[in-house]
Amino acid sequence: NAGVRVESTNRETKYRQQGSFDDPFETLKYDKVYFLPSLNLKYGLNENSNIRFAGGVTYTKPVIMEAYPIEYVNADGTSMKGNPFLVNSDNYNLDLKYELFPTSKEMFAVGVFGKKMESPIERTFTSNAAGSTIITYLNSDNAILYGAEIEFIYDLGRLNKTLSDFSLGFNTSLMSTKVEVSPFTTNPDGSQSQSIETHQSRDLQGASNWLINSDLKYQFDFSQSWSNTVSVVYSVFGKRIYAVGTN
């Protein structure tokens, strides 16, 4: 299964600088046309197992409060201001997976994955005029992620027939990330300045080296056309960088 998606993204931001009540609005435009190819291959080893390969290109847009130049105070007292000069991130994705289906209700899969990101968006701390720090968002140069994943769904009816409506799900990922940071950043007025980051190479902000997700699921039917599921879910992940930068 192969294809290409053509998508046009347009962002126009109109704003005034803080305290500029009567000045005309400043306008920033960000327009880009994306060609996003994708490829999905499945090879059936037998009736119960497959090998899958997937590759493709995607992009990530900043959410409105990451890109809009309004300074506001969160409920926890931290200050935040969007960065209107943010650009979208380009993502190049690869995934290789082996999957096994022992029964119609069970699954086991193991795979490896990789991703390269151009201009990833990261949360950062910068100084403001009051002499304190403010949270904002910047584009780093690039990031590389790779790792491995294991996932399974186990039918508890194997242990006892009275548990046939229960299943246990589990997946875990081990991941390594590396970000390259530009020595210069773009200021709100469009000028360039020295980056405030101490390290030009580090882990990706917001990414953990490991994570675990699990769930205990109970499925029951009210009728032939009405099925319900109740789940208890547990998730845990390793340490991750909350924000980068310095005062």
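Restricted to the range 100-126, and to residues there that are open to solvent by less than 70 Å² (accessible area, probe 1.4 Å) and hydroxyl-bearing (Ser, Thr, Tyr), the residue that is farthest from the chain's Cα centre (by Cα) is 103.
Please go through the range 83-95 and give me each residue that is within 18 Å of residue 42 (Cα to Cα) and surrounded by fewer than 16 Cβ atoms within 10 Å (Cβ to Cβ), ordered by number.
94
What's the total number of residues in the range 217-247 that are among the basic types (Lys, Arg) and outside any strand (DSSP E or B)? I'd like the intermediate steps shown before the answer.
At the first step, the residues of the range 217-247 found to be among the basic types (Lys, Arg) are 217, 239-240.
With the extra rule that they be outside any strand (DSSP E or B), the set shrinks to 239-240.
The number of residues fulfilling the criteria is 2.
Part of a loop (DSSP other than H, G, I, E, B), in contact with an Asp or Glu (Cβ under 6 Å, 6 or more places away or on another chain) and either open to solvent by 50 Å² or more (accessible area, probe 1.4 Å) or not hydrophobic (A, V, I, L, M, F, W, C) (or both) - does that describe any residue in the range 190-205? Checked against the condition, which is being part of a loop (DSSP other than H, G, I, E, B), in contact with an Asp or Glu (Cβ under 6 Å, 6 or more places away or on another chain) and either open to solvent by 50 Å² or more (accessible area, probe 1.4 Å) or not hydrophobic (A, V, I, L, M, F, W, C) (or both), the range 190-205 yields at least one hit. Please go through the range 84-99 and give me each residue that is closer than 23 Å to residue 240 by Cβ and more than 19 Å from the chain's Cα centre (by Cα), ordered by number. If the condition is that a residue be closer than 23 Å to residue 240 by Cβ and more than 19 Å from the chain's Cα centre (by Cα), then no residue fits.
One line per residue, one yes/no per condition, for (1) in contact with a Lys or Arg (Cβ under 6 Å, 6 or more places away or on another chain); (2) open to solvent by 50 Å² or more (accessible area, probe 1.4 Å):
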residue	(1), (2)
23	yes, yes
28	no, no
33	no, yes
44	no, no
48	no, yes
56	no, no
60	no, yes
81	no, yes
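Taken over the range 120-173, the criterion of being part of a loop (DSSP other than H, G, I, E, B) and over 24 Å from residue 79 (Cα atoms) is satisfied by 141, 159, 160, 164, 165. Give the residues of the range 129-180 that are of a type in the set (A, V, I, L, M), open to solvent by 50 Å² or more (accessible area, probe 1.4 Å) and under 17 Å from the mean Cα position of the chain (by Cα), sorted by residue number. Answer for the range 129-180, where residues must be of a type in the set (A, V, I, L, M), open to solvent by 50 Å² or more (accessible area, probe 1.4 Å) and under 17 Å from the mean Cα position of the chain (by Cα): 144, 174. Here residue 72 fits the description: modelled with pLDDT under 90, part of a strand (DSSP E or B), open to solvent by 20 Å² or more (accessible area, probe 1.4 Å) and not aliphatic (A, V, I, L, M).
The values are calculated or read from the model by the stated rules, or taken from the named source; none is laboratory data. Please read these numbers as outputs of a predicted model, since none were measured by experiment. Neighbour counts are summed over all protein chains in view; Cβ atoms, including those assigned to glycine, are modelled from backbone coordinates with ideal geometry. Note: accessible area is taken over every heavy atom of the protein model, side chains too, but ligands, DNA and RNA are not part of it. Shrake-Rupley method; radii C 1.70, N 1.55, O 1.52, S 1.80 Å.
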